[in-house]
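Comments concern the structure below.
The values are calculated or read from the model by the stated rules, or taken from the named source; none is laboratory data. None of the values given here were measured: they were computed from a predicted structure. When we count neighbours, we look across all protein chains shown, and the Cβ atoms used for this are built from the backbone with ideal geometry, even at glycine.
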Amino acid sequence: MKDSAVTKPNDNQCGEGLRESIAEAAGEFARNQLGIYPGSIFVDHHGASLTITLKKVLAGSEKYAIRDKRAAALIARTLSEAFRAVAGILKAKIGGIVGGNVTEASLVLDASTNRVSIFLETEEAHDR
């Protein structure tokens, strides 16, 4: 099992501890629910929008397979469908961390850059 590095960009909307908590929750979700082990996790939070980028997510065989466009599309579709099936787990966890409801969640795999982006929209809780 590969340990994930947590990298947090500067962002006035989201404190250091909050970003770290979100990154840790996202990493745990990725490992336990999606079976992916990101090399690093970046969190960007602005207002009600939250983007979590997981880098280095593809296994060796997947990196080889994505050379074929059909295989890359199949891997992306499979991961997206798996995410939709378990997204409620992440929404609940992140909602608890940010103190508001997560209203939307989506995932996009960019196989060519070996990255997954998770986009979350939250109901803005109280002004922080």
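Of note, residue 111 satisfies the criterion of being over 19 Å from residue 23 (Cα atoms), touching a helix residue (DSSP H, G or I) at 6+ places or on another chain (Cβ under 7 Å) and crowded, with 19+ Cβ neighbours inside 10 Å. Taken across the stretch 20-32, residues that are assigned to a loop (DSSP other than H, G, I, E, B), surrounded by fewer than 16 Cβ atoms within 10 Å (Cβ to Cβ) and either in contact with a strand residue (DSSP E or B) (Cβ under 8 Å, 6 or more places away or on another chain) or not polar (S, T, N, Q) (or both) do not occur at all.
Here is the figure for the stretch 65-83: residues that are part of a helix (DSSP H, G or I) and without any contact (Cβ under 8 Å) to a residue 12 or more places away in the chain total 9. Does residue 103 count as more than 12 Å from the chain's Cα centre (by Cα), more than 17 Å from residue 41 (Cα to Cα), of a type in the set (S, T, N, Q) and assigned to a strand (DSSP E or B)? For residue 103, the condition - more than 12 Å from the chain's Cα centre (by Cα), more than 17 Å from residue 41 (Cα to Cα), of a type in the set (S, T, N, Q) and assigned to a strand (DSSP E or B) - is met. Say whether the condition of being of a type in the set (Asp, Glu), part of a helix (DSSP H, G or I), out of contact with any Leu (no Cβ under 9 Å at 6 or more places or on another chain) and surrounded by fewer than 15 Cβ atoms within 10 Å (Cβ to Cβ) is met by at least one residue in the stretch 54-64. No, the stretch 54-64 contains no residue that is of a type in the set (Asp, Glu), part of a helix (DSSP H, G or I), out of contact with any Leu (no Cβ under 9 Å at 6 or more places or on another chain) and surrounded by fewer than 15 Cβ atoms within 10 Å (Cβ to Cβ). Could you go through the stretch 68-89 and let me know if any residue there is out of contact with any Lys or Arg (no Cβ under 7 Å at 6 or more places or on another chain), basic (Lys, Arg), surrounded by fewer than 17 Cβ atoms within 10 Å (Cβ to Cβ) and farther than 21 Å from residue 35 by Cβ. Yes; the residues of the stretch 68-89 include at least one that is out of contact with any Lys or Arg (no Cβ under 7 Å at 6 or more places or on another chain), basic (Lys, Arg), surrounded by fewer than 17 Cβ atoms within 10 Å (Cβ to Cβ) and farther than 21 Å from residue 35 by Cβ. Applying the condition of being modelled with pLDDT of 95 or more and among the β-branched types (Val, Ile, Thr) to the stretch 106-124 and asking which residue is nearest to the chain's Cα centre (by Cα) yields 118.
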